[in-house]
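What follows is a set of notes on a single structure, which appears directly below.
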Amino acid sequence: MNGHRATPRGSHELKGATTITVCLPAHNEAATVGLIVKAIRTGLVEDQHLVDEIVVLDDHSTDDTAAIATEAGATVIPSDRVLPQFGARRGKGEALWKSLAAIHSDIIVWVDADIVDFEAHFVSRLVEPLLLDPELVFVKGYYDRPVGAAQVSGGRVTELLARPALSLFHPDLATYVQPLSGEFAARRAALQDIPFAAGYGVDVALLIDVVDRYGHERVAQADLGVRVHRNRPLDELGPQALEVLHAILRRAGQPVPEEATLVRPGRPPVRALTDDRPALSEVPASWLDA
């Protein structure tokens, strides 16, 4: 397993002229987004001068996410204003892809917006490996998740679906502690030629595609400690699991339908987001500059 335990101490001294943006893709995260933005702004923008910009990519929120994030010090970018030529739709991968198009820093750190106990070291531990080793292009975060009295590594979708599927079709990736982690950092240039899965499959799809393109030796993991976030009810995890499974199978060259729908007894069917958004290098430059 390729791993790197980074510490926040001194990372700002390594930064030099490198520009760093932290991005939070958010859909209706008014309860937590402001606290996360404030922690980053105070600890890493004002105190350590490590982060240059905080961006919240607002994925069609209907609550006060945008207003709270703005007040806390973030630049809020509505998803439908980025690459409008591709239409306006929801989806985690969609939000990540559009944030890559909207942000021009050398390094981008993505952090989920639903973390309850966020600490600034979540960001600095992801950034530091990239500052220490210029050959690294991607750092995946991992953490322990308290569930009752136990500390566990992966969530339910990770342990019941993603890791078994990776063990079958991408066994070299099954040892990554958190293949579905939403906390990761990358050199922007390294992601320019990689397509983004539009839905919840994006986190594992990026890991597969980055390792396939650059090799394990240019990917690291960073221990973020303990992470507490909103645990979704089981009925919300089914669509997520379907999109994760589709991304894993598709990238293994397995025959999967282009479209997929989750069917459950007594509930309306749920259409999964299973397509890929194109690599930004394939998008007309005039669209990116708009």
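Rule-based calculations on the coordinates, nothing more; no lab input. This structure is a prediction, so every number in the text was calculated from the model and none was measured. Note: ideal-geometry Cβ built from the backbone for every residue, glycine included; neighbour counts use all protein chains shown.
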Near the amide H of GLU53, under 5 Å away, which other amide H atoms are found, from residues 5 or more places off or on another chain, if H is placed in the peptide plane?
ILE20, VAL22
What number comes out for the charge environment of HIS104, summing +1 per Lys or Arg and -1 per Asp or Glu over other residues with Cβ under 11 Å away?
-3
Per DSSP H run of n ≥ 4, the term is -39500 (n - 2.57); total these for the chain, divide by its residue number, and report the mean residue ellipticity at 222 nm rounded to 500 deg cm²/dmol.
-8500 deg cm²/dmol
Computed over region 51-177: relative contact order in percent, which uses C-alpha pairs under 8 Å that are six or more apart:
13
Would you mind getting the Kirkwood hydrodynamic radius of region 71-115 from its Cα pairs, rounded to one decimal in Å?
11.8
Loop trypsin sites (Lys or Arg not before Pro), region 203-290, which have at most 13 other Cβ atoms in a 10 Å radius of their Cβ (DSSP)
ARG230
